[in-house]
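Just so you know, all these numbers are worked out from the coordinates, no wet-lab data involved. All values reported here derive from a predicted model rather than from experimental measurement. In this analysis, Cβ positions are derived from the backbone assuming ideal geometry, glycine residues included, and neighbour counts consider all displayed protein chains.
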Amino acid sequence: LIVGIGNWVMREACRQLKDWQQRLPKQCEHLTVAVNLSAVQLVQTGLMQEVENVLVEHQLEADRLELEITENALIEDQKSAVTTLSQLAERGITLSLDDFGTGYSSLQHLKLFPIKVLKIDKEFVSAIGNGITNDRLLIAMIRFAQALELTVVAEGVETKEQAAFCTKNGCDILQGYYYSKPIQALEFEKIFLQEQAFSHDVKKTDVLSSAAHHKS
């Protein structure tokens with residue numbers, strides 16, 4: 001069932017983003033939506049056409065859609081994955097590697113695949129402050145991503161101390177319960193997309209990124 005469910009999620013996420021764009025254009029000027037892509041979807045015949053259909057159906061710019069894949073998905077069928085992801089990237093869709101550090105990816109994978117965003121798994125973020133080795137490992141992962149000119153996302157940020165550490169060491173986006181629990185679209189709109197909430201604090205850009213990832 002994962003292919004059907006995955007396609008529905010992608011369609012609904014894009015529909016919701018388009019709705020926000022039309023009703024709240026100023027607040028959504030730079031808002032994107034991230035959708036998880038399963039290993040099965042990644043190698044299915046017709047994925048590119050399905051994505052194209054969704055973008056056309058909702059008249060959504062390709063760069064507003066981000067597709068997240070896990071490390072393990074990359075090794076299921078490497079040849080097919082390279083072809084599919086290259087087509088998606090050429091279309092303008094952002095590709096991110098989710099839960100980095102917990103799977104079996106290698107430097108070669110990051111070289112082969114057109115990944116633009118690296119999402120460091122929450123296990124490494126939750127270990128902040130629990131030993132100098134843990135802290136140094138996270139910093140090394142951030143530096144590694146920066147060396148490859150990737151956007152770095154810290155997953156699972158739950159405390160002020162974790163947020164400060166990740167920001168200090170160069171993470172571009174912070175995501176986690178420190179900013180928002182998973183919430184419904186209407187609640188997200190009321191909290192994060194209202195004019196007054198959007199304009200008074202530049203840090204809301206981090207919150208928007210965090211909540212949008214949770215939403216998907």
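Give a residue-ordered list of calculated ³J(HN,Hα) values for the range 9-19 (Karplus: 6.51 cos²θ - 1.76 cosθ + 1.60, θ = phi - 60°; whole Hz; x for Gly, Pro).
Using θ = phi - 60°, the values come out as 4, 4, 5, 5, 5, 5, 4, 5, 4, 5, 4 Hz.
Which number gives the lysine pairs in the range 52-186 that have C-alpha atoms under 21 Å apart and are eight or more places apart or on different chains?
11
Against the globular-protein guess of 2.2 N^0.38 Å, express the Cα radius of gyration of the chain as a ratio, rounded to two decimals. Let's see the in-between values first.
Values: Rg = 17.2 Å, N = 216, 2.2 N^0.38 = 17.0 Å.
Taking N as the residue count of the chain, the ratio is 1.01.
Tell me, what is the percent relative contact order of the chain, built from C-alpha pairs under 8 Å that lie six or more residues apart? Mind showing how you got there, number by number?
Values: 323 pairs, mean separation 37.2, N = 216.
RCO, the chain: 17 percent.
Multiplying the sequence separation of E12 and T102 by 0.36 nm and subtracting their Cα-Cα distance, what value in nm do you get? Spell out each step's value before the answer.
Values: separation 90, 0.36 × 90 = 32.40 nm, distance 2.87 nm.
Full extension of this stretch gives 29.5 nm more.
Give the residue list of chymotrypsin sites (Phe, Trp or Tyr not before Pro) in the range 48-127 that are DSSP loop and have at most 13 other beta-carbon atoms within 10 angstrom. Please report the intermediate quantities before stating the final value.
Values: sites: F100, Y104, F124; in loops: Y104.
Listed in order of number, the matching sites are Y104.
Order these peptides, 39-49, 88-98, by their mean beta-carbon neighbour count within 10 angstrom, highest first. Before the final figure, lay out each step's value.
Details: 39-49: 16.2, 88-98: 18.7.
Descending packing order for the listed peptides: 88-98, 39-49.
Could you check the spin-label model distance between Q59 and A127? Points 7 Å from the Cα along Cα→Cβ, value in nm.
Here the modelled spin labels are 4.9 nm apart.
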